[in-house]
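Structure first, commentary second.
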Amino acid sequence: MKKWMYILLLLTVILSACSSQSTEKENDIKGIEDISLNQLSKHKNTYLGDNSAIHKILSELPGDVIREFEIVDGKALDVTYGVKENAGYTEEQFDAFWFDQKATIEKTYVYNAMALFILVDNVEQVTLKMNSSDEPSVTFKRKQLEKKLPHTFKAYKDNAKLWQKELVEGIVKSKEQRQALYKAFPMEK
């Protein structure tokens, strides 16, 4: 009888440990490596004005802790990153994702802006910022950014492999290419 009690106790401990680890993993903020462009491509041909579709895209992009977003004049999208009350993330998780590594903000801003221009057909401008005024913000304009890319946003929309190779690997993960973009689109505080 005692043998069965020990076995049940051991199973309970193991199952609860597995359960808490999966819950922690679900609460991790998504990074660039966690994104599937094929999955993200399911949102192509979205338009500003479809708030639920915009929210879904933003929640699937890296740094998915969105405090708020606003559509301005039907052409621009302003996105503010930060933790809301009763959110699934803590301030510590948010800070660990965004501020622990030097280039996280740079990489995530570029990645998300390009993804929004690829997926949302009528967005002409994307502004990305933090909830705190001490942190950098940046505004990307579709036509200016597209001129700096090897192909049009439409070409990337239709080819996730090209998107991965040229934009993610070639620009987002390349310090030199990223810095060249930030000369044209400087970060502001």
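The values are calculated or read from the model by the stated rules, or taken from the named source; none is laboratory data. Quick caveat, the model's predicted, so the values are computed rather than measured. Positions of Cβ are generated from backbone atoms using ideal geometry, with glycine treated the same way; all protein chains shown enter the neighbour counts. When the accessible area is computed, the model is the full protein with side chains, heavy atoms only, and any ligands, DNA or RNA have been set aside. Shrake-Rupley method; radii C 1.70, N 1.55, O 1.52, S 1.80 Å.
Structure notes:
- Residue among ASP78, ASP134, ASP95 with the largest mean-square fluctuation in a Gaussian network model of the chain, springs linking Cα atoms under 10 Å: ASP134
- Summed side-chain charge close to ARG142 - residues other than ARG142 whose Cβ falls under 12 Å, Lys, Arg +1, Asp, Glu -1: +3
- Taking the chain as a Gaussian network of alpha-carbon nodes connected by springs under 10 Å, the highest mean-square fluctuation of the residues SER59, SER133, SER174 belongs to SER133.
- Within the range 47-121, trypsin sites (Lys or Arg not before Pro) in DSSP loop having at most 16 other beta-carbon neighbours inside 10 Å: LYS75, LYS84, LYS102
- Since only SER133, VAL72, THR90 are under comparison, the one whose Cα sits farthest along the positive direction of the charge dipole of the chain, derived from C-beta charges on Lys, Arg, Asp and Glu, is VAL72.
- Once Rg and the Kirkwood radius are both taken over the C-alpha atoms of the chain, their ratio Rg/Rh works out to 1.09.
- GNM flexibility winner over the chain from ALA76, ALA96, ALA53 (Cα, springs under 10 Å): ALA96
- Percent of Cα-Cα distances greater than 13 Å, calculated over the range 45-114: 68
- Residue-averaged 222 nm ellipticity for the chain, from DSSP H runs of 4+ at -39500 (n - 2.57), nearest 500: -13500 deg cm²/dmol
- Of the solvent-accessible surface of the chain, computed with a 1.4 Å probe over protein heavy atoms with every protein chain present, carbon and sulfur atoms account for 50 percent.
- DSSP bridge orientation in the chain - percent antiparallel, rounded to nearest 5: 60
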